[in-house]
Amino acid sequence: MLMNKFFKHSLFTCCATIALSACDTVTHPDNSLAVATWNTEHLAENNDQGCKARSEADYKELKAYASSLNADVVALQEVESAKAVARIFPEKEWQIIISDRPDSQTYTCRESGLTSTQQKVAFVVRNSVKIDSVEQLKAIAAPRAGLRQGIKLTIQHEDEKLHIVNLHLKSGCFVDDYLDSDKESCAVLSQQIKILDNYLESQQLNQENWIVLGDFNHRLANPNNRFRKDLFHSPGLFGDKSFPNNQLQNLTDGKTGCHPKYPAPIDHIFVSSALSTKYNSESLKFHYFDNMNIDDMLSDHCASSAHFTF
């Protein structure tokens with residue numbers, strides 16, 4: 001398909017670069033698989049760095065929270081590097097895959113006056129899970145310099161392939177119809193939406209196991225949201241000549257997010273129609289922090305997870 005030329009395919013073996021660890025394939029204890037997504041809010045390599053400057057005690061709490069997710073695969077957003085990820089997901093237990101996006105220009109954090117760290121997407125995958133391939137989705141970042149790339153991960157589970165796409169889309173366009181806004185953020189998001197929609201329509205979602213998850217920065221559980229309609233209609237974007245494609249299901253539908261001030265979720269987990277039959281009904285969960293006071297939350301997003309049985 002035409003859109004695929006924008007998505008450079010990179011195959012990483014278990015012993016390759018970017019901190020992939022542990023090459024041995026371990027039999028999963030059962031046929032279930034837990035997949036999570038979590039925006040870690042400026043996760044840095046070092047203490048007291050970046051827009052969410054953290055202490056050693058903070059990293060200890062983050063590590064305990066990460067362990068409590070009991071996930072097999074976690075899609076992460078806003079991480080500086082593989083070293084930052086390894087502080088809370090130890091390499092002895094996890095394979096770490098980080099975006100290969102070149103470092104973007106830093107800026108001064110509004111509240112602290114510190115210098116920002118990088119905001120990249122990453123995956124962590126338990127050593128017992130076999131990784132088939134990693135694809136850097138560069139086109140998602142093409143509309144403007146500094147945007148975040150996506151990553152597509154393909155794993156093997158119970159002799160089946162599962163494709164997982166991790167995204168962190170443009171922030172600032174929190175409206176139900178991005179076409180009704182003249183904000184620059186909505187113009188950028190609209191370009192990302194078209195790229196993502198074309199890419200997904202080129203896949204066999206009714207035949208293959210797909211998860212598309214991450215921080216969409218958009219309230220896609222709202223049935224009147226135009227971005228949602230774009231994803232749920234074909235061909236192309238939602239319009240007079242489009243029709244429902246029934247190829248995606250949003251697991252956050254009907255769910256309330258964890259943030260005390262912003263309960264409508266912007267972190268979502270979409271599954272293909274082929275995978276929806278393997279979804280453990282109502283397993284979608286937002287993992288609350290022990291302290292949910294806004295100023296004391298470990299990050300400004302809670303993780304969410306879902307379970308699948310193969």
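The values are calculated or read from the model by the stated rules, or taken from the named source; none is laboratory data. All values reported here derive from a predicted model rather than from experimental measurement. Here the Cβ positions follow ideal geometry from the backbone for every residue, glycine too, while neighbour counts run over all protein chains shown. We work out accessible area using only protein heavy atoms, side chains counted, and drop any ligands, DNA or RNA first. Shrake-Rupley method; radii C 1.70, N 1.55, O 1.52, S 1.80 Å.
In table form, for the structure just shown:
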item	result
Given charges at beta-carbon only (K, R positive; D, E negative), |dipole| of segment 224-270 in Debye	100 debye
Estimated dipole of the chain in Debye, rounded to 20 [Cβ of Lys and Arg +1, of Asp and Glu -1, Cα centre]	580 debye
Of all accessible heavy-atom area on the chain, the percent that carbon and sulfur account for (1.4 Å)	47 percent
Summed side-chain charge close to LYS261 - residues other than LYS261 whose Cβ falls under 12 Å, Lys, Arg +1, Asp, Glu -1	-2
Stretch gain in nm, segment ASN291-GLN105, where the contour uses 0.36 nm per residue and the Cα spacing is subtracted	63.7 nm
Extreme residue, positive dipole direction of segment 205-310, given options ASN209, THR309, SER283 (C-beta unit charges)	ASN209
Segment 102-153: trypsin sites (Lys or Arg not before Pro) in DSSP coil with no more than 14 other Cβ atoms inside 10 Å	ARG110, ARG144
Surrounding net charge for VAL121, when Lys and Arg each add one and Asp and Glu each subtract one, Cβ distance under 10 Å	+1
C-alpha center-to-center spacing [segment 275-310, segment 153-172] in angstrom	16 Å
LYS183 paired with SER55, simple spin-label distance in nm, labels 7 Å along Cα-to-beta-carbon	3.5 nm
Length added when fully stretched, LYS241-ASN47, from 0.36 nm per residue minus Cα-Cα	64.5 nm
Most to least accessible of HIS268, HIS42 (protein chains only, probe 1.4 Å)	HIS42, HIS268
Exposed GluC sites (Glu not before Pro) absent: longest stretch of the chain, with sites in DSSP loops and at most 16 other Cβ within 10 Å deemed exposed	1-92
Between segment 183-260 and segment 70-103, the alpha-carbon center distance in angstrom	25 Å
Where labels lie 7 Å past Cα in the beta-carbon direction, separation of SER133 and ASN280 in nm	3.0 nm
Surrounding net charge for PHE289, when Lys and Arg each add one and Asp and Glu each subtract one, Cβ distance under 10 Å	-3
Förster radius 35 Å - calculated FRET efficiency between ASP30 and GLN207, Cβ distance, rounded to 0.05	0.90
Computed [θ] at 222 nm, deg cm²/dmol, the chain (DSSP H ≥ 4; -39,500 (n - 2.57); rounded to nearest 500)	-4500 deg cm²/dmol
Cβ-placed point charges (K, R +1; D, E -1), dipole of segment 134-225 about Cα centre in debye, nearest 20	400 debye
Segment 77-196 - accessible surface per residue (Å², probe 1.4 Å)	41 Å²
Violating pairs (Cα-Cα greater than 20 angstrom) within the set LYS63/LYS278; LYS92/LYS130; LYS120/LYS229; LYS241/LYS278	LYS63/LYS278; LYS120/LYS229; LYS241/LYS278
Set of aspartates and glutamates near LYS285 by C-alpha distance (under 14 Å), chain-local residues within fewer than 8 positions excluded	ASP253, ASP267
